[in-house]
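Notes follow the structure.
The values are calculated or read from the model by the stated rules, or taken from the named source; none is laboratory data. Source: prediction; values computed, not measured. Please note: Cβ atoms are built from the backbone with ideal geometry, for glycine as well, and neighbour counts cover all protein chains shown. Just so you know, the surface numbers come from the protein's heavy atoms only, side chains and all, with ligands and any DNA or RNA stripped out. Shrake-Rupley method; radii C 1.70, N 1.55, O 1.52, S 1.80 Å.
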Protein chains: 2
Amino acid sequence: MQGTRQKSRARTATYEKGQATINAILDAAAEVLIDQGYKKLTLRQIAMQAGIKVGNLTYYYSNKEALLKDLLEKILFSYLDEMDRIVEASGDSPQVQFVAIIEYLIEDLHSQRTTHFFPELWALANHDTHTSELMDNMYAAERAALQKLVEAIKPELGKRQASQLALFVSCSIEGMTMFVGAGKNQEDNLQAMKELACTSFLQLIEQAGEESHT
Amino acid sequence: MQGTRQKSRARTATYEKGQATINAILDAAAEVLIDQGYKKLTLRQIAMQAGIKVGNLTYYYSNKEALLKDLLEKILFSYLDEMDRIVEASGDSPQVQFVAIIEYLIEDLHSQRTTHFFPELWALANHDTHTSELMDNMYAAERAALQKLVEAIKPELGKRQASQLALFVSCSIEGMTMFVGAGKNQEDNLQAMKELACTSFLQLIEQAGEESHT
DNA sequence: AACATTTTAGGACAAGTGTACAATATTGGA
DNA sequence: TCCAATATTGTACACTTGTCCTAAAATGTT
């Protein structure tokens, strides 16, 4: 009694051309999602953008659900990878690493890709369980990285406090997406938000634990 | 040569029953949007939820665009009204008023209405000019209220600094929506975020202006 | 060169979408 | 009570959506 649950099927390419087509599909889907929003993310739009026919698209992704899954995973992992790269390239000081991450996350808001993608993701996550889990994992990884740095900056902090500080930092930055992001009317203030965030977060970490046990 | 531009038409009811129907439509639309997301916000779903037929719906809203406009305006204004009410009911101290607003905004995240509505709004605003303008006006009003309180707390602050602080506060709180909101996996930490936000924001205001002119 | 496998194209389908319109029912003032 | 204005229904249309299926083309190995 195996294979009863075969809801979403994504074919794996064998020839090079097939793999190229899959890449083209995912790239095209990303572009459509970012440029036109999820409402316009239709199989025919994706196929047109990828330069293929719908029949070919459904050969690799017989479900739109499967396509969306691969698409979201690819985009989300690209952000996590970039975060890892930032930390590794920032020396050994946890303060410096922390500031580097904060600055990367905020400066990244200048990219329309980021500004357009994440609100779509958040809206999807509200009514799609799989998207919600995927998103939770991604942000959990981000918070884990932040928490590690917070603990390194202020070692006397408890796990719980450090994790809450990481959550607060993550929230504060994500919230800028709709206002100081690419094309938004407060984009002028992005630099100011970056400085405000860095000083505010570092100070919050430094002085935490003074009046701790509530 | 008048009336060339009659894109969106919304009929005004004359009888009481007509007005009741309009209210039912908007309430139904809000419920569908919040419970099932914009993807499922279809004229037939709205009509079913309102207990009327689609033909009746299109009698009052010949365009889906017009319906969406009224819906978003109604919801957004309800939040602004509630904010005004909070400030008025919090005495004269700007600090107390500021904390009251912060606490209201964060506690409101316990409501699924809020947690589900806003990401849909943000996603819509990315590709719909009218929604974007509506949203900008709403948040501008929120920031204006916050800025006024910031200036009252720290009068020696310049308009620019106060406005940037208000923006930072607004961003930080909105960003919590996807994480500590209703049903989210960090909802346990909502209280902690509230306390963290209040102390962090107040301190940020108090110490601002020390190394100001950049 | 032959050929099984993989890839692509094209057409078809049912279901769902927003919108339009004529016919019927209801309302409230004369 | 009557009746014009308003409200509601039911049906129809053109269009888009995801999905399915068959035939043709391309691929790489033998």
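From the C-alpha gyration tensor of the protein assembly as shown, pull out the three semi-axes of the equivalent ellipsoid (sqrt of 5λ each), sorted largest to smallest, in whole Å. All intermediate terms of the calculation are to be shown ahead of the outcome.
Working: eigenvalues 269, 208, 74 Å².
Sorted largest first and rounded, they come to 37, 32, 19 Å.
So, counting K/R as plus one and D/E as minus one, what does the shell of residues with Cβ under 15 Å around B:D188 add up to?
Values: positive: A:R143, A:K159, A:R160, B:K184, B:K194; negative: A:D136, B:E107, B:E187, B:E195.
Combined, the nearby Lys, Arg, Asp and Glu give +1.
Give the aspartates and glutamates whose C-alpha is closer than 12 Å to that of A:K159, dropping any in the same chain fewer than 8 places away, or say none.
In chain and number order, the partners are A:E151.
Relative to the Cα centre, what is the charge dipole magnitude of the protein assembly as shown, using +1 at the beta carbon of each Lys and Arg, -1 at the beta carbon of each Asp and Glu, and rounding to the nearest 20 debye?
2580
For the pair B:E73 and B:A152, how long in nm is the line joining their label points, each one 7 Å along Cα→Cβ?
3.0
Whose amide H sits under 5 Å from the amide H of B:N126, counting only residues 5 or more places off or on another chain, with H placed in the peptide plane?
none
With a 1.4 Å probe and every protein chain left in place, work out the accessible area per residue of the protein assembly as shown in Å², rounded to a whole number. Write out the running numbers ahead of the final one.
Working: 21570 Å² over 428 residues.
Dividing the accessible area of the protein assembly as shown by its residue count gives 50 Å².
Counting only other chains, and only Cβ atoms inside 10 Å, what mean value do you get across the residues of A:125-132?
Working: counts 3, 17, 9, 2, 0, 0, 0, 4.
For this peptide, the per-residue mean of nearby foreign Cβ atoms is 4.
Nearest-to-axis residue of chain B, judged by Cβ, for the B-to-A rotation, with distance in whole Å?
B:G175, 1
Sort the following peptides by mean Cβ neighbour count (other Cβ atoms within 10 Å, averaged over residues), highest first: B:145-151, A:42-48. Don't skip to the answer; put the middle values down first.
Values: B:145-151: 22.0, A:42-48: 17.0.
For the peptides B:145-151, A:42-48, the packing ranking is B:145-151, A:42-48.
Against the 2.2 N^0.38 Å scaling, with N counting residues, where does segment A:105-214 land? I'd like the Cα-based Rg ratio to two decimal places. Could the numbers behind the result be given before it?
On the way: Rg = 15.4 Å, N = 110, 2.2 N^0.38 = 13.1 Å.
Relative to the rule-of-thumb radius for its length, segment A:105-214 sits at 1.18.
Hey, got the average number of other protein chain Cβ atoms within 10 angstrom for residues in A:35-47?
Details: counts 2, 2, 6, 6, 6, 1, 0, 0, 0, 0, 0, 0, 0.
Other-chain Cβ atoms within 10 Å of each residue's Cβ, averaged: 2.
Summing -39500 (n - 2.57) over the DSSP H runs of n ≥ 4 in chain B and dividing by its residue number, what mean residue ellipticity at 222 nm do you reach, to the nearest 500 deg cm²/dmol?
-23500 deg cm²/dmol
Given A:N63, A:T131, A:L80, which one lies farthest toward the positive end of the charge dipole of segment A:1-138, if we put +1 on the Cβ of every Lys and Arg and -1 on the Cβ of every Asp and Glu?
A:N63
Tally Lys and Arg at +1 and Asp and Glu at -1 over the other residues with C-beta under 12 Å from the C-beta of A:N137: what net charge comes out?
Working: positive: A:R143; negative: A:E73, A:E133, A:D136, A:E142.
Residues close to A:N137 contribute a combined charge of -3.
In nm, what does the list of distances from A:E65 to its counterparts in the other copies look like, shortest first, when each label sits 7 Å along Cα to Cβ?
Reported distances to equivalent positions: 3.5 nm.
In whole Hz, with x marking every Gly and Pro, tabulate ³J(HN,Hα) for segment B:88-102 from phi via Karplus 6.51 cos²θ - 1.76 cosθ + 1.60, θ = phi - 60°.
4, 8, 10, x, 9, 6, x, 4, 5, 4, 4, 4, 4, 5, 4
Which value, in debye to the nearest 20, describes the size of the charge dipole of segment A:7-62 about its Cα centre when Lys and Arg Cβ atoms bear +1, Asp and Glu Cβ atoms bear -1, and nothing else is charged?
Dipole of segment A:7-62, to the nearest 20 debye: 320 debye.
Could you give P(r) for chain B, binned at 5 Å from zero, as whole percent values over all Cα-Cα pairs?
Taking every Cα pair in chain B, the percentages come to 1, 6, 13, 15, 16, 14, 11, 9, 6, 5, 2, 1, 0.
Relative to the other copies, what are the label-point distances for A:G18, with labels 7 Å from Cα along the C-beta vector, expressed in nm at one decimal and sorted shortest first?
6.3
What per residue convex hull volume, in Å³, do the alpha-carbon atoms of segment B:8-62 yield?
Working: hull volume 3.7 nm³, N = 55.
Expressed per residue, the convex hull around the Cα atoms of segment B:8-62 is 68 Å³.
Provide the per-residue ³J(HN,Hα) series for segment B:120-137, in order, calculated from phi with Karplus coefficients 6.51, -1.76, 1.60 and θ = phi - 60°, each as a whole number of Hz, with x at glycine and proline positions.
Ordered by residue, 3J(HN,Hα) equals 4, 4, 4, 5, 4, 4, 5, 10, 10, 4, 5, 4, 4, 5, 4, 5, 4, 4 Hz.
Determine the shielding of peptide B:134-140 by partner chains: average, over its residues, the number of Cβ atoms on other chains within 10 angstrom of each Cβ. Don't jump to the answer; show the numbers that get you there.
On the way: counts 0, 2, 5, 0, 0, 4, 2.
What the average comes to for B:134-140 is 2.
How many angstrom lie between the Cα centre of segment B:62-104 and the Cα centre of segment B:137-211?
If we compute the Cα centre of each part, the gap is 16 Å.
Along the charge dipole of the protein assembly as shown, which of B:N23, B:L43, A:N189 sits closest to the positive end, that is, farthest toward it, with unit charges on the beta carbon of Lys, Arg, Asp and Glu (+1, +1, -1, -1)?
Towards the positive end, the residue furthest out is B:L43.
Spelling out what I want: for every residue of segment A:17-31, take phi, set θ = phi - 60°, compute 6.51 cos²θ - 1.76 cosθ + 1.60 (Karplus), and round to whole Hz; glycine and proline get x.
These are the phi-based 3J(HN,Hα) values: 4, x, 5, 4, 5, 4, 4, 4, 4, 5, 4, 4, 4, 4, 5 Hz.
For the interface of chains B and A, what total accessible area is buried with a 1.4 Å probe, rounded to the nearest 100 Å²? Kindly include the intermediate steps, with their values, before the conclusion.
Details: alone 12690 and 12690 Å², together 21570 Å².
That pair of chains buries around 3800 Å² in total.
Calculate the dipole size of segment B:13-127 relative to its Cα centre from +1 charges on Lys and Arg beta carbons and -1 charges on Asp and Glu beta carbons; express the result in debye to the nearest 20. Walk me through the numbers before you get to the answer.
On the way: 10 positive and 16 negative charges, 173 e Å.
Computed about the Cα centre, the dipole is about 820 debye.
Which of A:L196, A:L41, A:L109 moves most in a GNM of chain A, Cα contacts under 10 Å?
Of the options given, A:L196 has the highest mean-square fluctuation.
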